[in-house]
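Chemist: The structure's right below; bear with me while I get my questions together.
What follows draws every value from the coordinates through simple rules; no lab data is involved. Computed from a predicted structure; not experimentally measured. Because the Cβ atoms are built from the backbone with ideal geometry, glycine has one as well, and the counts that use them run over all protein chains shown.
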Amino acid sequence: MNDSAPLSAPPRRTRGTVLLVLAILGLAGAAFVVRRPLMMSAPMCMAGRWHGCFDTFNGVVLMTVVTLPLAALVVWALAQRRRAAGVTSAWRMSLAEVGMVHGTVPFVWLTMMPGGGAGTVPARVSLVPLRDLAMMGSLGIVGNLLIFAALGFFAPMRFAVLASLPRILALGAGCSVLVETAQYVLRLDRVSSVDDVLVNAAGAVVAGLASRRWWRITAQAPSDRSRPAPAPAG
């Protein structure tokens, strides 16, 4: 008689609930800390004005926070549709898909904002590793680590082919190269730096490590029902 199976479910459910509550409290605390600068962009965003909302850091962050309930609703709708179709891990897949988009698009949007000399100053590129790292500052390094953190965290939860650290590193580096190339081609008055690629990719890998226990497994052991019956002897 196996008594471990029914006893393991409640602690696992309790642990998930505790983690969810801690995540909500963390988001609420972060929103409380940055409430004043975010509220500076609230009138422009509520009026639907592009200038002062979607072209500022505070405005983009404010809209990202405001749309969190909508993102949660999309996760719920996708999960319900998948559960009705009999898809396993419906909640995990739905959360991963929405999390990748909602956690990555705002950061990419911020990196693609043009500077004051966009279109007039020549495009700049820095290909010497670690030369620009000291000039980023702590805030710049943290920002670069977060750009593809959501992608590194959720992508291996959704796609089994990405469930390895080298592939997450390649994904983060590849996406960062695309962003840096776009900055250079569009002449956004930004420096396309190899250090940005290195830090972006590192952020994706660190986030991937944080979600490793929830990665989608590529191969699963076949059940006893699916195994072929042994051939009769003789």
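Chemist: Classify region 104-218: rounded, prolate or oblate, from the alpha-carbon gyration tensor (a ≥ b ≥ c, eigenvalue square roots; a/c under 1.5 rounded; otherwise prolate if a/b is larger than b/c)?
Modeler: Judged from the Cα gyration tensor, region 104-218 comes out prolate (a/c at least 1.5, a/b above b/c).
Chemist: For Ile141 paired with Val66, estimate the spin-label separation in nm (one decimal), with each label point 7 Å from Cα along the Cα-to-Cβ line.
Modeler: 3.4 nm
Chemist: Then there's this: How many nm separate the modelled label positions at Arg49 and Met113, each set 7 Å beyond the Cα in the direction of the Cβ?
Modeler: 1.6 nm
Chemist: Same structure again: Expressed as a whole number of Å, what is the distance separating the alpha-carbon centroids of region 69-136 and region 187-215?
Modeler: 11 Å
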